[in-house]
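Notes to accompany the following structure.
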Amino acid sequence: VLAGSTLALTALLLGACSDDDGSSSTTTDQATTTTVVNTSSLADVEISADTAVAPTVTFDPSFALADTTAVETEVVVAGEGATVADGQRLSLDYVVISGIDGAELESTWGQQPEVVPLDATLQEGIKNALVGQQVGARVAATSYAQGQWVIFVFDIRDAVTVPTSASGTEVPPVDGLP
């Protein structure tokens with residue numbers, strides 16, 4: 001996993017949960033501000049389809065689902081490679097978009113793709129959005145964590161099955177090795 005590029009990914013993919021209703025309020029001594037939800041489904045979010053370039057994500061801010069435990073997913077572009085299986089390690093590019101204002105919070109585009117294990121450390125809804133897709137797919141998924149909605153757009157670059165044990169013929173070490 002690349003150091004420095006996993007702040008939002010780690011915080012939002014690792015089973016973060018909340019019990020509030022998804023609306024946002026800020027109270028000061030003088031005023032209360034409430035965020036107005038204008039987009040409440042991924043069906044109303046436009047996501048570009050060219051997987052050779054970073055995705056553009058367009059919607060009328062703010063974005064929120066009624067249920068903060070829900071994860072909505074959409075296959076933007078179907079892949080044509082191997083099918084992704086539970087337990088594999090994925091190499092993917094992603095962008096994280098704020099549901100509040102549509103700003104890009106984080107992206108791996110222009111860097112090395114992120115390596116993510118499809119295991120129990122991932123938020124279940126995000127994991128389910130990726131398992132069963134094919135390499136080459138662009139998949140969008142929503143998540144509510146740390147008090148805000150975000151939209152992830154994942155471009156699956158590769159899927160590798162991680163060996164659980166060694167196999168093959170034992171080879172004696174070369175003389176002089178520690």
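For residues that are of a type in the set (Val, Ile, Thr) and assigned to a strand (DSSP E or B), scanning just segment 120-149, find the one that is modelled with the lowest pLDDT. Here the answer is THR142.
Each row is one residue, and each column tells you yes or no for (1) under 25 Å from VAL45 (Cβ atoms); (2) open to solvent by less than 60 Å² (accessible area, probe 1.4 Å); (3) touching a helix residue (DSSP H, G or I) at 6+ places or on another chain (Cβ under 6 Å); (4) β-branched (Val, Ile, Thr).
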| residue | (1), (2), (3), (4) |
| --- | --- |
| ASN128 | yes, no, no, no |
| ARG138 | yes, yes, no, no |
| THR161 | no, no, no, yes |
| THR164 | no, no, no, yes |
| GLU170 | no, no, no, no |
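Considering segment 83-119, the residues that are among the charged types (D, E, K, R) and assigned to a loop (DSSP other than H, G, I, E, B) include one that is farthest from the chain's Cα centre (by Cα), namely ASP101. In the set (1) open to solvent by 30 Å² or more (accessible area, probe 1.4 Å); (2) of a type outside the set (Phe, Trp, Tyr); (3) touching a helix residue (DSSP H, G or I) at 6+ places or on another chain (Cβ under 8 Å), the condition left unmet by LEU118 is number (1).
Residue-by-condition table, conditions (1) modelled with pLDDT under 70; (2) within 23 Å of VAL116 (Cα to Cα); (3) surrounded by fewer than 17 Cβ atoms within 10 Å (Cβ to Cβ); (4) among the acidic types (Asp, Glu):
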residue: THR6; (1), (2), (3), (4): yes, yes, yes, no
residue: ALA16; (1), (2), (3), (4): yes, yes, yes, no
residue: GLN30; (1), (2), (3), (4): yes, no, yes, no
residue: VAL37; (1), (2), (3), (4): no, no, no, no
residue: ASP44; (1), (2), (3), (4): no, no, yes, yes
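In this structure, is GLU80 at pLDDT 95 or above, among the charged types (D, E, K, R), open to solvent by 50 Å² or more (accessible area, probe 1.4 Å) and assigned to a strand (DSSP E or B)?
On the way: at pLDDT 95 or above: yes; among the charged types (D, E, K, R): yes; open to solvent by 50 Å² or more (accessible area, probe 1.4 Å): yes; assigned to a strand (DSSP E or B): no.
Taking the combined requirement at face value, the residue does not satisfy it.
The values are calculated or read from the model by the stated rules, or taken from the named source; none is laboratory data. If you're wondering where the values come from, they're calculated on a predicted model, not measured in any experiment. Don't worry about glycine lacking a Cβ; one is built from the backbone with ideal geometry, like all the others, and counts go over all protein chains shown. The area values use the complete protein model at the heavy-atom level, side chains included, leaving out ligands, DNA and RNA. Shrake-Rupley method; radii C 1.70, N 1.55, O 1.52, S 1.80 Å.
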